[in-house]
Structures are given as C-alpha cells and as structure tokens.
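Comments concern the structure below.
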Amino acid sequence: MYYQLYVESARRVEELVTPLDDATLDTRTPACPEWTVREMLAHLAGGAASFGTPSYVGLGTDPWAAEHVESRRGASLADLLTERRVCTPKLEQLAPEDRRWLQVVHDALHHESDIRATIGAPRLPMDAVVAAFPLIDAVAPYKLAPVGTVTVELDGHASTYGEGEPDAVVRTSLFEFWRGVFGRRSDAQMRSWVVSGDAAAFARALPAFGPRTTDLVEHASEAEAMAEPGVRSGTP
C-alpha cells in the first residue's frame, strides 16, 4: 500500500511540474524557503536514488537532503523526473512494516503539498493523507508523551494517546495536524489547536523538525474548503 502511495504521488508531481516554465521552477517554495521548486525536485530524485542503500544512511537529515540538491545542480527537469521514475521500483523491496516508510512516504507527500501550494495547484488529495496517516498514528504516542495523555480531535474524529484522562485536548483538521507534524506550521498555529492543556508543550512535541518561525496558511479549493468541518460556521 505504501509503495503505491509513493508511486501515485510521484506521478502527480510529474504531471504538475512538466508544464512549468523556468521562472516557476525557480520560484522559492514558502513551505521550504531555502529551496526552489526545481531544488525540491532534485531532493525528491536524490531521495529516490538513495532508496537502494540498505541502511538509507542519513535518511531525513539536513546533509542527506542537501547533497541531493547540490549534486544535481544543472540537471534538467527531464533528468530529475527520469531519475526519480527509474529509481522508484527499488522501494518494492521494503516490507510494509518497515519503519522507513514513515519518512519515505511522508517526505514525498509533504513535498508534493509544498509544490502544489507554490504553483497554486489544488491541494493534495485527502485520501492520500488518510491512507498514509497510520504511519504517524503509530508514533504519535511517543511524540506526544512529553505532554502527557493527549486527545486529538481531527475533523470530528477523536483519538487518545496515553492512559487515563487527557492532560491536553487538541482540535484541528487532519490536514493541518499532518502538516504540523512535519514542521509546516508555526508555534502559534499549533498552539491555537489546543483546547485545553499545555499548548506550549504540545507545540514543542509535535513537529519532527521544529516549528516554522512564521505562519503558513495553505488554502484548499473552494469546494474542499466548504466541505471542511467548521467552515460554514466560521470556526477553525
């Protein structure tokens, strides 16, 4: 299942970026302002190439990602897309229970979201986020342990991580929470989701790479936005 999620994301990204002109490809991405769209594609190609190494040495670290970009400067868009496409089948060797899927799948999906927001494309299909979310659900109890027992209500569906009565209650959308886990939301944005409990502790515990220093707001299409809980009533 996770392999298919990765393949589908790579296909969607290819369809999104193939028509882009150089000016758009060289646009800085608000979610990762140190990278342009082209540099993000270099990272995605480099990530795919690294999947053939048995240990995925450095997976998810800054040097790991930076090397992808630096070693592919000057590569054409076609070269980057082809490299990723050729390397992707290596992922079939990963067992479904392999913990590396968390990084592999969510790196792909978040960067797809980053690109979509940069070029004004419709938001990532939510069925992809829902399908990949069990990987986050499995590690959430460990991530949120410093906060205590936490009840998280996402789009009206509640899950409790920990034992006993909740020390904190968090309420937001699945998409917002998912983006927050990977550092695409600011401390202030994540604090605003906390209905009760230690908002500061939650905002420190959730993001894998730390929070953004500025707010990042990504709008769904009008149809998606109107379908989200709370939109019609004006609540978050």
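No lab work stands behind these numbers, since they all come straight from the coordinates. All figures in this text were calculated on a predicted structure; none of them were measured in a lab. In this analysis, Cβ positions are derived from the backbone assuming ideal geometry, glycine residues included, and neighbour counts consider all displayed protein chains.
Computed 3J(HN,Hα) for the range 190-196, one whole-Hz value per residue from the Karplus formula 6.51 cos²θ - 1.76 cosθ + 1.60 where θ = phi - 60°, is 5, 4, 5, 7, 7, 7, 8, glycine and proline marked x.
Report, as a whole number in µm² per second, the diffusion coefficient that Stokes-Einstein gives for the range 132-219 at 10 °C and 1.306 mPa s using the Kirkwood radius over alpha carbon pairs. Reported coefficient: 125 µm²/s. Taking only the C-alpha atoms of the range 2-119, Rg followed by Dmax gives 13.3, 41 Å. Exposed loop sites are taken as GluC sites (Glu not before Pro) in a DSSP loop (any state but H, G, I, E or B) with at most 12 other beta carbon atoms within 10 Å; the longest stretch of the chain without one runs 1-96. Ranked for footprinting exposure by Cβ neighbours inside 10 Å, fewest first, I115, I136 give I136, I115. Give the calculated FRET efficiency between A158 and R123 to the nearest 0.05, with a Förster radius of 30 Å applied to their Cβ-Cβ distance. With a Förster radius of 30 Å, E is 0.80. Set against the labelled values [x] 8, 34, 40, 16, 2, 0; [y] 7, 23, 25, 20, 13, 7, 4, 2, 0; [z] 7, 31, 36, 21, 5, 0, P(r) over Cα pairs in 10 Å bins from 0, in percent computed from this structure falls on [z]. Summary of the geometry: the range 190-214 and the range 150-185, compared by the centres of their Cα atoms, lie 11 Å apart.
Could you list the residues of the range 131-173 with an amide nitrogen less than 16 Å from a label point located 7 Å from the Cα of V195 in the Cα-to-C-beta direction? Of the residues in the range 131-173, 149-161, 165-173 have backbone N under 16 Å from the label point off V195.
Among Q103, Q189, Q93, the largest mean-square fluctuation in a Gaussian network model of the chain (Cα springs under 10 Å) belongs to Q93.
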